[in-house]
Amino acid sequence: MGLEYKTNECCDVKEVEEVFNKSGIRRPVRDTERIQRMIDNADEIITVRDGERLIGILRAITDYSYCCYISDIAVDKDYQGLGIGKELIRVLRERLGEEEVQYFLTSAPKAVGFYEKIGFERADKAFVIKRKKN
């Protein structure tokens, strides 16, 4: 398997929607304009491809000096369990550094164990104002 990781590579909205669908992540995949805005407004996008096929994506919002919110980590279910999600995060941390930047995310219930296994700690002081439109 010749996987290729790239940073801030332009992605086609349809292939991002396909990865979201195939990963099991809940995203508004029937709202192509919204997905395009999600792509356009991310500060960092890390992709992984198997040949030409997009099989994983990480999107992050950051100030590059203090904090980074990882808004999406999606890996096609056919490729899950191979360390791809862990590698996407490693590539991001390599780009932004580990001395000054704190990384945070919200997890789906099924993914909590994955994040704990790769070094994330649970935070009990997080707050959210939920969106009205999923």
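Tallying residues that are at pLDDT below 90 and touching a strand residue (DSSP E or B) at 6+ places or on another chain (Cβ under 9 Å) within region 13-37 yields 3. Only residues that are modelled with pLDDT under 90 and touching a Gly at 6+ places or on another chain (Cβ under 6 Å) were counted in region 80-134, giving 0. Residues in region 103-134 that are open to solvent by less than 90 Å² (accessible area, probe 1.4 Å), in a loop (DSSP other than H, G, I, E, B) and over 23 Å from Pro28 (Cβ atoms): Ile118, Gly119, Phe120, Ala123. Quick one: is Asp12 out of contact with any Leu (no Cβ under 9 Å at 6 or more places or on another chain) and not small (Gly, Ala, Ser)? So Asp12 fails the test.
Picking from residues in region 42-80 that are over 21 Å from Glu98 (Cα atoms), out of contact with any Phe, Trp or Tyr (no Cβ under 9 Å at 6 or more places or on another chain) and basic (Lys, Arg), the one that is least open to solvent (accessible area, probe 1.4 Å) is Arg53.
Across region 13-39, the qualifying residues are those that are of a type in the set (Asp, Glu) and open to solvent by 80 Å² or more (accessible area, probe 1.4 Å), and the one among them that is nearest to Asp72 (Cα to Cα) is Glu18. Among helices (runs of 4 or more DSSP H) entirely within region 1-102, having at least 1 residues that are of a type in the set (D, E, K, R) and under 22 Å from Asn134 (Cβ atoms) singles out 13-23, 32-40. Across region 92-102, the number of residues qualifying as open to solvent by 100 Å² or more (accessible area, probe 1.4 Å) and touching a strand residue (DSSP E or B) at 6+ places or on another chain (Cβ under 9 Å) comes to 2.
The values are calculated or read from the model by the stated rules, or taken from the named source; none is laboratory data. On a predicted model such as this, the values are computed, not experimentally measured, just so you know. So basically every Cβ, Gly included, is an ideal-geometry build from the backbone, and we count neighbours across all protein chains shown. Just the protein is used for accessible areas: all its heavy atoms, side chains included, with ligands, DNA and RNA removed. Shrake-Rupley method; radii C 1.70, N 1.55, O 1.52, S 1.80 Å.
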